[in-house]
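Colleague: Quick one: the structure is below, and I'll ask about it shortly.
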Amino acid sequence: MGAVAFWVLAVAAVACAVTVFVVDSMARATFALLASFLFGAGEIILLGLDYLGVVIVVMMIMEMVIMAVFMVMYMMNPAGLMPMSMVHNQRGSLLTAGTVFASLAAGIFLVPWPARGPHRPADPTFDLGKSLMGPHMLTMMLLGVTLFATMVVTVVLASQQGRYDRLGDDLKGKAR
Amino acid sequence: MGVTHRMLRAAARRPHVLVAAMPTGTPIRLAVEAQLRRRNWPTAWSPADADVLVVCGSVPTGLRTAVEELWAEIPGPRSRTCVVAAVLAPGALDAAKARLAMPNQERSGTPGRSDPRAHATPPDQMAAGAMSPPGPDPADRHLDVSPDQDPAGQGEAHQGSGPDIDQQGPEHPSMSHGDMDDGMSMPAGLAMAERGDDRDGLKLDQLHATLGPLLVGWPAGLVLRVTLQGDIIQSARGELVGAQGRGSFWVEPATRAMYGEAVTVGEAARRTAGCYLDRLGRFLCVAGWPDPAAAARVLRDDVLAGAAHHEVASRFAAVARRVGRSRTLRWMTTGLGVLGAADATALGVTGPVARAGGDVTARYRQWLAEAAEMLDLVDDPVLLTAHGDGRALGYLHDAVTPPEPLLAAIERLVVGAEIGAARLIVASFDPDVDEMAGHPASVADG
Amino acid sequence: MVESASLWAVLAVLPLLGGAAVVAVCADRALAARAAGQPYGPRTIAAGVGSDTARLLVGQRRTTLAPDRLLWRLGLIAVPTAAVLAAAVIPFGRWAVDDLGVGVVWFNGMEIATWAALWAAGWGPNSVLSLVGGYRMVAQGLAYELPHMFALIGAATAAGSLQVGTIVAHQRHLWFAVWMPVGFVVYLLSVLGFSFTGPFDQPAGVDVAGGVFAEVAGPDRLILAAGRWLLLTAGAAMAVPLFLGGGLGPVLPAWAWSTVKTFAVLGVLVGVRRSVPTVRLERWMPVAWTVLIPLTIAQDLIAALVAVSR
Amino acid sequence: MSLEVFLLLAAALFSVGVYGALSQQSIVMLMMGLELMLNGITVAAAAFWYFIGPGAPSDQVVVVVAVVAMAVEMAVGFAVTTAIFRARDVDMTDMAADLKE
């Protein structure tokens, strides 16, 4: 049962990942990427990490919907109605990707992994929370700061206006 | 057959009706709406949801295209009818319903049309018929698809392609005669988008679309050609189509009085009050508040049918209180489409819009106030003559004003507004094509 | 407290949820008919629902020029699917299909799936009004989502668990709605938001001829409309275990309490839907972010303090 | 199910991501490649947690970090795209590189 689920999800995840770079339509590419993430999240849930799996589902749906919006906004041909190639250095990329995969696969089968066998703590979600608030507090804080910095940086980068521009020259106007 | 037949019968029991209001068809529209309410038939918001297309009034040249496009977009089973006089509304609706229940009706297209297959071709890319594309002729739009090809087959042809409304350049050559070999191959006849400046300095894609003339709650005969970036209107050019210079239904008693006929103040006030209630109903419908909109329509019909003051006054007060005091509605409309008194004068705008002299909120409140005044007069038996109280006559006469200045104001105010806000602004001006002075019918043919 | 039923219970979810949704549709139509001065007896309303369903079943599908058929269909089907999957963690009395340890997050995930679903449903038909509807859903999602998440977090924090059954058990003495009113109200608002209903119906607004509904006809329309009401019902049903003590209550059995409370919440939501005009997103967004987010965060802080002091 | 097959899946996702990140001209598509690489990393971390980690939550933390990294990458990516698009009117890496000259 578990093995079947694994293979179904795995094949679907990789197939969707490949689809991302095959389809012409940006909307379909985004949704293929989303599907790949959802299948990946399925694998993670299969491993007993319910919380992380569902969180990835939540995050990725939101991310991909927003991504679709940006794709449609900036791409020249978002619906892929007119077939056009948007790749460069395809051969080199394929070669590199193949090499990466081959070497990773070789490593996977050559490294003698410590055989502790599968195990499941009673409540992995609780474990995660406790470690993030305990031994990994530093990580958590760093993540928090990073996210905050990201918000500030992205707004500054993406915004054309200064902080008070919306108020008009006399600084009295109302926001639009 | 048995099950299908029974399902069709059940489906036809309560058909959804798309009401296409024509200029000069106001009394017919009112009769149709009253009939629909009595029969408990819902009105559709878009062709996709409609079974029956009811055209209210004779179709002027300028709107023929729009009506045909709307019809082409209605999926089967369907039927259409054109009501040319208010008294004919019940019969026309009955007939339309009867046609709807006939099995295989939808497969044979419209009765009386020469080429039924023309209706089986997929409708054009523009939504809702309402957004009738600015292309020159609807027939052209179907040239990309051969009539023998079924809709599904067309989908196969474009397998793997996605939509992009941002990229439809309506002016593209393939729109006007399917010359697909012209230049680059345009998939599905859609051109790449042009781009233009926008408020964020991003120069995003532009879409040329048309709002009206057959949208729910939209003033009959108004066509607004807009350039959209996203759902923000970047520029707007309006046009008033189908004017026949006959004068508006809403000022008809006052006009007759000016020609010396014996018309009572009550009759004219009744009509004016009905006008405000009709406006209010359509405005509230656009504002997404169907229940008070329905109440306003019921009230309108009762007032026009001659209900006495005491029968309607308290009901009107209830509606006015609910609408006038709604904080949400005020929150949604405050600061929207502001036309100050000075600007109104400069543009030549008169009537309730000028008297309100403010935003959308001010305008619907002005309607409520003036409707209340008019309702107080509905039982007034005094004769209204041109020689009588001129001021009163003018007052009764100017609920509906010449639409050109209103259109100018709309063109100016919808720029920068999102579609929903623009719809509210248009509904709050409510230009009436019928009041266009002395325009021969041919003007419309644009 | 709440047991995970065996998998066959999945089969019971759709009828239960669907039945409640049909009742809600009837109530909504009765209110509308009353406002329009039409007859609103139960028979008239039921006949109306029946014939509307029949006409959608026999109606033709609609096609447009160059649609993205795949995403369109997927988007439409995803709406009711998300509703049913979300309902899988909602306890009906003492039973839930699966009382997941992360039930609250699961519910949240399924609710967010409607963003993607509606965006795809709006994108699919290649039509202006439809696409505007789809984009509005994304904007609406961004407006309600953070307050919604904070409201959910409030309930989860107070119970110290993401498991819906545990959250119910923690309301033995006092409903969370009583001492977390802000979270409760915000949750109800976001239910209207994710089911694109009531004042938050801009994605399906009349100003864009029905938005995501503008181009769907026949069975497709039935799926989308059903999905919308199922989402509303699932949201109302989830409010019960999160804030109203689930199946807890005197005298009556737990399932009866769940039913009664669910219908009460549904009634409130339908009442709000009929009595408030559409809230446009350009006006709602600033309120959601500058008022609701701080309020819900303050609410969570209180919940955290209570949980810690316990 | 074994650690190896999970890691193989992770490697496959990662490699597809590498291909995308290297081959795509559009910045947005390139970001999709990066996201796929991170997707592989999350699967690998979850597999390590299940098969190797002695109940230690560190691998879970790696997943959290990867998810956050995706969010940050996407946000910054779109901000940069917006900035470049506004300034130079391009959304392609090659053209952006050309503009430097």
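The values are calculated or read from the model by the stated rules, or taken from the named source; none is laboratory data. Please read all numbers here as calculations on a predicted model, not as lab measurements. Here Cβ is always computed from backbone atoms with ideal geometry, including for glycine, and neighbour counts include all displayed protein chains.
Colleague: Could you tell me which residue of the range B:223-242 is farthest from the chain's Cα centre (by Cα), considering only residues that are not β-branched (Val, Ile, Thr) and not in a strand (DSSP E or B)?
Modeller: B:230
Colleague: Can you name the residue in the range A:36-49 that is within 13 Å of the chain's Cα centre (by Cα) and more than 8 Å from every other protein chain (Cβ to nearest Cβ) and is also surrounded by the fewest Cβ atoms within 10 Å (Cβ to Cβ) among such residues?
Modeller: Ranking the qualifying residues of the range A:36-49, first place goes to A:38.
Colleague: Let me ask something else. Out of the residues in the range B:1-16 meeting the condition of being in contact with a helix residue (DSSP H, G or I) (Cβ under 8 Å, 6 or more places away or on another chain) and touching a residue at least 40 places away in the same chain (Cβ under 8 Å), tell me which one is farthest from residue B:90 (Cα to Cα).
Modeller: Going through the qualifying residues, I end up with B:4.
Colleague: Right, something else. Hey, can you tell me all the residues within the range A:15-27 that are out of contact with any Ser or Thr (no Cβ under 8 Å at 6 or more places or on another chain) and within 8 Å of another protein chain (Cβ to nearest Cβ)?
Modeller: A:18, A:23, A:26, A:27
Colleague: From the residues in the range B:19-60 that are under 15 Å from residue B:75 (Cβ atoms) and facing chain C (nearest Cβ under 10 Å), which one is surrounded by the most Cβ atoms within 10 Å (Cβ to Cβ)?
Modeller: B:48
Colleague: If we scan the range C:122-143, do we find a residue that is at pLDDT 90 or above, within 22 Å of residue C:89 (Cβ to Cβ) and not in a loop (DSSP other than H, G, I, E, B)?
Modeller: yes
Colleague: Now, a different point. For the range B:258-292, how many residues meet the condition of being of a type in the set (A, V, I, L, M) and more than 20 Å from residue B:376 (Cα to Cα)?
Modeller: Residues flagged as of a type in the set (A, V, I, L, M) and more than 20 Å from residue B:376 (Cα to Cα) within the range B:258-292 amount to 5.
Colleague: Another one. Looking at C:55, C:34, C:29, which one is within 8 Å of chain B (Cβ to nearest Cβ) and of a type outside the set (Val, Ile, Thr)?
Modeller: Only one candidate qualifies: C:55.
Here's the yes/no breakdown for (1) among the charged types (D, E, K, R); (2) outside the structural domain of residue A:129 (by TED's automatic domain parsing); (3) assigned to a helix (DSSP H, G or I); (4) touching a helix residue (DSSP H, G or I) at 6+ places or on another chain (Cβ under 7 Å):
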position	(1), (2), (3), (4)
A:12	no, yes, yes, yes
A:24	yes, yes, no, no
A:27	no, yes, yes, yes
A:53	no, yes, yes, yes
A:62	no, yes, yes, yes
A:66	no, yes, yes, no
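Colleague: So which residues in the range B:338-370 are aliphatic (A, V, I, L, M) and under 11 Å from residue B:405 (Cβ atoms), if there are any at all?
Modeller: B:339, B:344, B:346, B:347, B:349, B:353, B:354
Colleague: Looking at A:38, A:34 in this structure, which one is in contact with a helix residue (DSSP H, G or I) (Cβ under 7 Å, 6 or more places away or on another chain), aliphatic (A, V, I, L, M) and within 21 Å of residue C:162 (Cβ to Cβ)?
Modeller: Testing whether each residue is in contact with a helix residue (DSSP H, G or I) (Cβ under 7 Å, 6 or more places away or on another chain), aliphatic (A, V, I, L, M) and within 21 Å of residue C:162 (Cβ to Cβ) leaves just A:38.
Colleague: Test residue D:11 against the criterion of being more than 7 Å from chain A (Cβ to nearest Cβ) and either closer than 17 Å to residue A:15 by Cα or not aromatic (Phe, Trp, Tyr) (or both), and give yes or no.
Modeller: Taking the combined requirement at face value, the residue does not satisfy it.
Residues are listed down the side, and each one gets a yes or a no for (1) surrounded by 23 or more Cβ atoms within 10 Å (Cβ to Cβ); (2) among the β-branched types (Val, Ile, Thr); (3) closer than 21 Å to residue A:69 by Cβ:
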position: C:132; (1), (2), (3): yes, yes, yes
position: C:151; (1), (2), (3): yes, no, no
position: C:155; (1), (2), (3): yes, no, no
position: C:172; (1), (2), (3): no, no, no
position: C:175; (1), (2), (3): no, no, no
position: C:187; (1), (2), (3): yes, no, no
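Colleague: Every residue in the range B:262-288 that is among the polar types (S, T, N, Q) and within 17 Å of residue B:27 (Cβ to Cβ), please.
Modeller: Correct list: B:272 only.
Colleague: Quick one: is residue C:245 at pLDDT below 90, over 18 Å from the mean Cα position of the chain (by Cα) and either within 23 Å of residue C:111 (Cβ to Cβ) or buried (at least 24 other Cβ atoms within 10 Å of the Cβ) (or both)?
Modeller: Answer is yes for this residue.
Colleague: Is there a residue in the range D:60-76 that is on the phi > 0 side of the Ramachandran plot and either polar (S, T, N, Q) or facing chain A (nearest Cβ under 7 Å) (or both)?
Modeller: Checking the range D:60-76: not a single residue is on the phi > 0 side of the Ramachandran plot and either polar (S, T, N, Q) or facing chain A (nearest Cβ under 7 Å) (or both).
Colleague: In the range C:119-165, how many residues are aromatic (Phe, Trp, Tyr) and more than 9 Å from chain B (Cβ to nearest Cβ)?
Modeller: 3
Colleague: Does residue A:33 satisfy the criteria of being facing another protein chain (nearest Cβ under 7 Å) and either assigned to a helix (DSSP H, G or I) or surrounded by fewer than 24 Cβ atoms within 10 Å (Cβ to Cβ) (or both)?
Modeller: yes
Colleague: Among the numbered conditions (1) within 14 Å of chain B (Cβ to nearest Cβ); (2) crowded, with 23+ Cβ neighbours inside 10 Å; (3) at positive phi, tell me where residue C:208 comes up short.
Modeller: Of everything listed in (1) within 14 Å of chain B (Cβ to nearest Cβ); (2) crowded, with 23+ Cβ neighbours inside 10 Å; (3) at positive phi, residue C:208 misses just condition (3).
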